[in-house]
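The values are calculated or read from the model by the stated rules, or taken from the named source; none is laboratory data. These numbers come from a predicted model, not from an experiment. All Cβ positions, glycine included, derive from the backbone under ideal geometry; neighbour counts span all protein chains shown.
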């Protein structure tokens, strides 16, 4: 959210395109979106530092402040894990909590005024390899971020499938599900589509919603300054619900996918 000034209102298409351009270095496969890497890593380091500080000063009696919030989140996530897993699992709970907090904070970067950090970077002379100023501050509006997270979840699911069913049992599930071994070729195709759809839907859902939110804020930013407060404030309030919901959905689907992968073969 930002005031619509001369450059934005004179050429809105160029203004929006400029803000959607990431800060990139490298070519081809080795091209890196520096802003995505920087902000996602910075947020994660902040989460780690906050968790360390809370853990270092744990109060056994009546927790207050950050400890109270963290314990509430832990209890909430553990409750979801217990419902999804018939057997105790020490990994999925911390994983789900990490995903929720990290995704939420990355999404929340969208609430920072859209011109603030790009202008600061421009004043510091930070430019891309093409010599142009560019900076995207919301990591989840970059599909590289959401696909990397989704593929990591997919890899964990494959690990649990192999761990619980064995390599042969995991491969066999592609041949017998859902119509039985008699239709093995059809089963294989359908199961492959089902497996590939999981990380695709996980990544595209988060990316699509966050990219749309960023685009709406940019459209609000090109409005005249005296109109911005009303639509900007209303969308910001609604967007807080959106970013929380998206983080929650990503966490819940991760827990459910790993739960399905952890089921014993029959």
Picked from segment 117-162 (must be assigned to a helix (DSSP H, G or I), in contact with a helix residue (DSSP H, G or I) (Cβ under 8 Å, 6 or more places away or on another chain) and closer than 23 Å to residue 16 by Cβ), the residue modelled with the lowest pLDDT is 118
So residue 196, is it over 29 Å from the mean Cα position of the chain (by Cα) and without any contact (Cβ under 8 Å) to a residue 40 or more places away in the chain = no
Could you identify the single residue in 54, 47 that is in a helix (DSSP H, G or I), surrounded by 11 or more Cβ atoms within 10 Å (Cβ to Cβ) and modelled with pLDDT of 85 or more?
-> 47
Is at least one residue of segment 129-144 within 17 Å of the chain's Cα centre (by Cα) and surrounded by fewer than 19 Cβ atoms within 10 Å (Cβ to Cβ)?
-> yes
Any residue at all in segment 85-92 that is modelled with pLDDT under 90, over 28 Å from residue 138 (Cα atoms) and buried (at least 16 other Cβ atoms within 10 Å of the Cβ)?
-> yes
Failed item in (1) at pLDDT 90 or above; (2) over 12 Å from the mean Cα position of the chain (by Cα), with residue 234 passing the rest | (1)
Go through segment 233-258 and count every residue that is closer than 21 Å to residue 200 by Cβ and crowded, with 19+ Cβ neighbours inside 10 Å.
-> 8
